[in-house]
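Accompanying notes for the structure given below.
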Amino acid sequence: MKHIHLLGATGSIGEQTLDVIGKHPEEFKLDSLSFGRNINKALPQINKFQPSLISVQEKETADLLKEKLNYRAEVVWGEEGLLEIAEAGSEKDILVNAVMGSVGLAPTLAAMQAGKDIAIANKETLVTAGHLVTKLQQEKSVSLIPVDSEHSAIFQCLHGSKKEVKKLILTASGGSFRDKTREELKGVTVQEALNHPNWSMGAKITIDSATMMNKGLEVIEAHWLFDIPYESLDVLLHKESIVHSMVEYIDGSVLAHLGTPDMRVPIQYALTQPSRLAIPGAPGLKLWEVGTLHFSKMDYKRYKALQLAIEAGKQGGSLPAVLNAANEQAVAMFLADKIHFLDIEAFVERALHEHVPVSSPELEEIMEIDRKTRSSVATYIR
Ligand SMILES: NC(=O)C1=CN([C@@H]2O[C@H](COP(=O)(O)OP(=O)(O)OC[C@H]3O[C@@H](n4cnc5c(N)ncnc54)[C@H](OP(=O)(O)O)[C@@H]3O)[C@@H](O)[C@H]2O)C=CC1
Ligand SMILES: CC(=O)[C@@H](O)[C@H](O)COP(=O)(O)O
Ligand SMILES: [Mn+2]
């Protein structure tokens, strides 16, 4: 029986993690969970799984939740609460980090300190502080198992060895606006941007997918997860999201991981690897129904955010943290209808330009840079 601690239980990844756990009660037990503010979504799941520790974003939600629980549990709140979840239980437990944004960084480090393996969906953790996370991972000999579909695909193709690898190739769907020119992007709405062609995900990552920032974050994530230089990381447009990513070897062989766009596959694999379990009710891949798969070269001029991210990743230091914080702030402003779609990448570019880089920032510096960048970007509205 594996004991699971879940950050971000009311989100897209969180809900699918609960689905995986609920389908295999003989394999998994949910010991603790966190959510932000969505008490209506959380409550039925909490009463079903009865975790002994729950963390929420604010004290008011904690007080309300305590009144509504139908069993006894400890309820904590705030960023401290996320740390309590990260540290709860024993070294043998797994933390699933499915919270959105750089708020996921400190709990990742805390769980590693506590000796836990982490199933990592929260890509912002590795983007903002890949150097700190990988250093601690080695010191504590813990595993960081990818949940992000592309990284899970690569992890599965690699089978634990990077021997004779030439390139990792991340596939990108192109997001909601893949058939639009940059000129046509000027008038797009939030509703249109939230309409991803293949995946049903949280709002922030869906916008990242439309700007292609998601793939930029994923290139940085892959660099740290697989300890691979940026020169050996490629991005390929693939509009069907059936090939989740590929590994090219020195002899020209290419191994790919295929499947329907269903995040329960990488989530469950992160919890069971190297073994596998069935996913009851999953439709399975019927390639004859898909018919044709399309691939095309990435156009870095069309997708400027991708280029900004790769450049920030290559330069390293504090720049990826600035990229991430500026992007989180700009996406929140776009979702609130305060800025245009193309402002997102313009604001990220400006924040990077204005930042004085720090070469190897510690956690406190990263958190301060994150706070400062968000406040600066909030003032960019014309
Ligand atoms: N969705 C997907 O298919 C994929 C997602 N990922 C990554 O996984 C992570 C989660 O994505 P996704 O599930 O889509 O996100 P969602 O927006 O759907 O969910 C985010 C979760 O985090 C909680 N949350 C947000 N902010 C805070 C905060 N400040 N403090 C505490 N809790 C908070 C939310 O709580 P509440 O809603 O209750 O307020 C919710 O439970 C992201 O890093 C994303 O990039 C990676 C690959 C695929
Ligand atoms: C499901 C998942 O892993 C997302 O990160 C997904 O990859 C988004 O798709 P695109 O960024 O390729 O549009
Ligand atoms: Mn992905």
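Only the coordinates and a few stated rules stand behind these numbers; no lab work does. The shown structure was predicted, so the numbers you read here are calculated from the model rather than taken from an experiment. Cβ atoms come from the backbone with ideal geometry, glycine included; neighbour counts cover every protein chain shown.
Summary table
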| read-out | value |
| --- | --- |
| Alpha carbon Rg of the stretch 89-204, scaled by the compact-globule rule 2.2 N^0.38 Å | 1.30 |
| Cβ-based exposure ranking for TYR300, TYR71, in which fewest neighbours within 10 Å come first | TYR71, TYR300 |
| Phi-based couplings in Hz for the stretch 229-236 (Karplus 6.51, -1.76, 1.60; Gly and Pro marked x) | x, 4, 5, 9, 10, 10, 10, 10 |
| 5 angstrom amide H check on HIS257, placed H, neighbours 5+ away | HIS244, SER245 |
| Amide H within-cut-off set for ALA73, under 5 Å, with H built and near neighbours excluded | none |
| All Cα pairs of the stretch 183-262, percent lying beyond 16 Å | 62 percent |
| Global geometry of the stretch 273-316, whether rounded, prolate or oblate, following the gyration tensor of its Cα atoms and the 1.5 cut on a/c | oblate |
| Under 5 Å, built H, 5+ apart or other chain: amide partners of ILE145 | ILE118, ALA119, ILE120 |
| Cα-projected label distance for LYS163 with ASN195, points at 7 Å along beta-carbon direction, nm | 5.0 nm |
| Table column - 3J(HN,Hα) (Hz), the stretch 124-138, Karplus curve with 6.51, -1.76, 1.60, x for Gly and Pro | 4, 4, 6, 5, 6, 8, x, 5, 6, 5, 6, 5, 5, 4, 5 |
| Fraction of the pair-distance distribution of the stretch 318-382 above 15 Å, Cα-Cα pairs, percent | 43 percent |
| Enclosed volume per residue, in Å³, of the convex hull spanned by Cα atoms of the chain | 141 Å³ |
| Calculated [θ] (222 nm, deg cm²/dmol) that DSSP helices of n ≥ 4 give over the chain, each run adding -39,500 (n - 2.57) | -14000 deg cm²/dmol |
| DSSP bridge orientation in the chain - percent antiparallel, rounded to nearest 5 | 30 percent |
| Per-peptide average of other Cβ atoms within 10 Å, ordering 292-299, 26-33, 106-113 highest first | 106-113, 26-33, 292-299 |
| Translational diffusion coefficient (Stokes-Einstein; Kirkwood radius from C-alpha pairs) of the stretch 2-142 at 37 °C, 0.692 mPa s, in µm²/s | 221 µm²/s |
| The stretch 212-274, dipole about Cα centre (Lys/Arg Cβ +1, Asp/Glu Cβ -1), debye to the nearest 20 | 280 debye |
| Taking the chain and dividing mean pair separation by its residue count, relative contact order in percent (alpha carbons under 8 Å, at least six apart) | 15 percent |
| For peptides 38-51, 73-86, sequence by mean Cβ density within 10 Å, most packed first | 73-86, 38-51 |
| 3J(HN,Hα) from dihedral phi, the stretch 147-152, Karplus parametrisation 6.51/-1.76/1.60, rounded to Hz, x for glycine, proline | 10, 3, 4, 5, 6, 5 |
| Shape category assigned to the stretch 151-314 from the gyration tensor of Cα positions, a/c cut at 1.5 | oblate |
| Cα-Cα P(r), the stretch 149-232, percent of pairs per 5 Å interval | 3, 13, 23, 20, 14, 12, 9, 4, 2, 0 |
| Overall dimensions of the stretch 114-168 as given by Cα atoms, namely Rg and Dmax in Å | 12.0, 35 |
| Peptides ranked, highest mean first, by Cβ atoms within 10 Å: ranges 249-256, 163-170 | 163-170, 249-256 |
| Extension reserve of the GLN315-ARG72 stretch, reckoned as 0.36 nm per residue once the Cα distance is removed | 82.5 nm |
| Full-stretch length increase - GLU368, GLU91 - with 0.36 nm per residue and alpha-carbon distance subtracted | 96.7 nm |
